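Coordinate-derived values only; no laboratory data. These numbers were taken from a predicted model, which means no experiment stands behind them. Because the Cβ atoms are built from the backbone with ideal geometry, glycine has one as well, and the counts that use them run over all protein chains shown.
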Amino acid sequence: MTKKQPTTFAETLSQLEALTARLEDSDTSLEQSLKDFEQGVQLIRQAQQSLQEAEQKVQLLLEKEGKPVAAPFHSEDEEGTAE
């Protein structure tokens with residue numbers, strides 16, 4: 001049975017979470033675990049590709065007159081901490 005490839009990053013993560021849960025289940029056969037692992041590797045590669053494409057898009061959006069513009073990035077965790 002062929003599973004539908006996820007179309008969004010969120011769907012990819014959701015499938016990875018489901019595979020992880022199944023792999024953590026000790027009742028899964030070795031053969032099924034190997035199939036799940038193989039599918040997980042494919043999903044990870046797909047997620048990495050999506051992240052790389054998003055990063056490239058952000059870099060293009062931050063360019064000004066063909067030159068990259070440095071912009072500070074602050075995560076939500078950093079905003080709540082005082083130095």
The simple spin-label model distance between Thr8 and Leu61, using points 7 Å out along Cα→Cβ, in nm, is 1.6 nm
Using a Förster distance of 25 Å, how high is the FRET efficiency between Thr20 and Leu51, based on the Cβ-Cβ distance and rounded to 0.05?
-> 0.85
Rounded to whole Hz, the Karplus (6.51, -1.76, 1.60) HN-Hα couplings of segment 9-26, x for glycine and proline = 4, 5, 5, 4, 4, 4, 5, 5, 5, 5, 5, 4, 4, 5, 5, 6, 6, 6
Could you work out the relative contact order of segment 9-72, using alpha carbon pairs under 8 angstrom and six or more residues apart, expressed as a whole percent?
-> 32 percent
Positive-pole candidate from Val58, Ser29, Leu13, dipole of segment 4-64, charges at beta carbon = Val58
